[in-house]
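These notes concern the structure reproduced below.
The values are calculated or read from the model by the stated rules, or taken from the named source; none is laboratory data. Since the structure is predicted, the reported quantities are computational estimates derived from the model, not experimental observations. Every residue, glycine among them, receives a Cβ derived from its backbone with ideal geometry; neighbour counts consider all protein chains shown.
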Amino acid sequence: MIFWGILNQTSLKLKIDGVVKSLPNDKSLGPDGFSNEFLKRCQPIIKYDFYNLFKNLQQNIICLRGINKSYITLIPKTDGAQHTSELRPISLLNSSVKLLTKLLANRVQNFITRLFHKKPIWFHQVKNNLGLPSLVI
């Protein structure tokens, strides 16, 4: 799996623990019924399940397709919502997929910041046909 090769097991455990600690509070429950607050409070007990899950993903024992399910639902913005403009779509993910997504996003972000200079000199601002600024490589 992408980016796993350079992580040893101790490093992976520390990264998983860091991701759990950084999860925002007051988010909706996933289809598995667990909140971020639950994951944080129960971390000492359930962390070994996550370690084993990520290790099994790393070794291709578990297929990501089997756990990667999400549900999109509409939440009313106001009581008695009747129109689509009064609804907010949310995507419900399993907690394990949330952790995996955040872990991989952090890994990708580290590589991207190394690839690009802080002030990319190869971008030039030009005007397009509408007179609006756009970037050209």
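Do we find that ASP49 is within 17 Å of PHE34 (Cα to Cα) and without any contact (Cβ under 8 Å) to a residue 12 or more places away in the chain in this structure?
yes
Residues that are at pLDDT below 75 and farther than 14 Å from ASP17 by Cα, at least 2 per element: which helices (runs of 4 or more DSSP H) completely within region 40-137 meet that?
Once the helices (runs of 4 or more DSSP H) in region 40-137 are filtered for at least 2 residues that are at pLDDT below 75 and farther than 14 Å from ASP17 by Cα, what remains is 95-115.
Look through region 56-81, keep the residues that are within 18 Å of the chain's Cα centre (by Cα) and among the basic types (Lys, Arg), and return whichever of them is nearest to LEU93 (Cα to Cα).
So the residue we want is LYS69.
Sort out which residues of region 8-39 are in a loop (DSSP other than H, G, I, E, B) and of a type in the set (A, V, I, L, M, F, W, C), and write them in order of number.
Answer for region 8-39, where residues must be in a loop (DSSP other than H, G, I, E, B) and of a type in the set (A, V, I, L, M, F, W, C): LEU23, LEU29, PHE34.
What pairs come out if I take residues in region 57-85 that are in contact (Cβ under 8 Å) with a residue 24 or more places away in the chain and pair them with residues that are among the aromatic types (Phe, Trp, Tyr) whose C-beta lies under 9 Å away, six or more apart or interchain?
Going by the 9 Å Cβ cut-off, the qualifying pairs are LEU57/TRP4; GLN58/TRP4.
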